[in-house]
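Structure first, then comments.
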Amino acid sequence: MKKDLTFPSHGVACAAWHVPATSDVLAGTAGRPCVVMAHGFGGTRDTGLIGYADGFADSGIDVLVFDYRGFGDSEGTPRQDVSFRRQRQDYHAAIAAARHLPGVDADRIALWGTSYSGGHVVAVAAQDRRVAAIVSMTPATDGLAAAMQIARYAGAGQLVRTTGHGLRDLARRITGRRPHHIPVVARPGKVAIISASGAEEAYTSIAGPTWRNEICARTALEVAVNRPITAAGRLGCPILVQVGTHDRVAPPVAARRTAKRAGATALLCEYPVDHFDVYDGPWQQRMLRDQLSFLIRALDPARPC
């Protein structure tokens, strides 16, 4: 049963659920392992994540699921501002909170990310060498590759339009006015960060009650410079990279390169799915099974450090 809690990130209260493990099957002398997880681009913790969290808890792993500052039930302004730098800071703050959860082994913390956060966890773990394992599901690991993919499916004009909206929002920020928003996801031909065919229907079908289909348009100006792939070679723990071979949002080629750069401790698994096929149904169950197989091995209390 999930428990509500908050933790501070740079002076702002982030909302989280602690989902305690239902058994001590993976407990060691210092406690149980814990997975820290958050959503991808514009996502909230109530949007398709609890099924994964419950699966981990049922297998003996505690879970901390959180909302970034400015999203969902977390505090912080401006609302709906997707800043990869701040979101990585929030991951670090969530790890610190997880290490102080009752019954949790502070040296067996794993990170879980999907889509945009699938890249965050790579960059965060490269900085925090105590992280024990990483799950990176359908990850967005190279903003340049993502921008090129948008140009392929929506045309270069889409990038020009979103950049224009981004500059408008940036001007409003500089002059102290309210943010200018654009949708996270929309149908093809409409202005949004994601406008691949079928993406709007897929994202909204899993949306939780706190999710909002809008983000500060300034985000469009920094997506291309978010390149966690550059940190993959500095990882000191095992990583599972789960790639959707039909993914039209997070380029599969970038995810494969990330796994290659991570080296011998990386496990690359590929699935015939598109970006939003992994949050419910049979593919969610398949992804979860593979994640559990990986995490149980990586977080085994008898595994040498």
Extreme residue, most open to solvent (accessible area, probe 1.4 Å), among residues of the stretch 29-69 that are within 23 Å of residue 238 (Cβ to Cβ) and of a type in the set (Val, Ile, Thr): 29
Selection count, the stretch 128-152, where residues are in a helix (DSSP H, G or I) and either closer than 15 Å to residue 262 by Cβ or small (Gly, Ala, Ser) (or both): 5
Close pairs from the stretch 42-54: first over 10 Å from residue 207 (Cα atoms) and touching a residue at least 12 places away in the same chain (Cβ under 8 Å), partner open to solvent by 20 Å² or more (accessible area, probe 1.4 Å) and in a helix (DSSP H, G or I), Cβ under 9 Å, at least 6 apart: 51/285
Qualifying positions in the stretch 240-293 - within 18 Å of residue 53 (Cα to Cα), under 18 Å from the mean Cα position of the chain (by Cα), of a type outside the set (Val, Ile, Thr) and open to solvent by less than 60 Å² (accessible area, probe 1.4 Å): 240, 242, 276, 279, 284, 287, 288, 290, 291, 292
Criterion: modelled with pLDDT of 95 or more and either under 18 Å from residue 42 (Cα atoms) or out of contact with any Asp or Glu (no Cβ under 8 Å at 6 or more places or on another chain) (or both) - qualifying residue of 154, 171, 196, 192: 171
When residues of the stretch 81-129 are limited to those that are open to solvent by 10 Å² or more (accessible area, probe 1.4 Å), among the hydrophobic types (A, V, I, L, M, F, W, C) and touching a strand residue (DSSP E or B) at 6+ places or on another chain (Cβ under 9 Å), the one nearest to residue 44 (Cα to Cα): 93
Per-region count, the stretch 265-280, residues at pLDDT 95 or above and either in a helix (DSSP H, G or I) or at positive phi (or both): 0
Residues within the stretch 35-59 that are within 16 Å of the chain's Cα centre (by Cα) and either modelled with pLDDT under 95 or not hydroxyl-bearing (Ser, Thr, Tyr) (or both), tallied: 16
Test: residue in the stretch 196-206 that is touching a helix residue (DSSP H, G or I) at 6+ places or on another chain (Cβ under 7 Å) and more than 23 Å from residue 87 (Cα to Cα): yes
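The values are calculated or read from the model by the stated rules, or taken from the named source; none is laboratory data. Just so we're clear, the structure is a prediction, and the values are computed from it rather than from any experiment. As a convention, Cβ positions derive from the backbone with ideal geometry for all residues, glycine included, and neighbour counts pool all protein chains shown. SASA here: full protein model, heavy atoms, side chains in, ligands and nucleic acids out. Shrake-Rupley method; radii C 1.70, N 1.55, O 1.52, S 1.80 Å.
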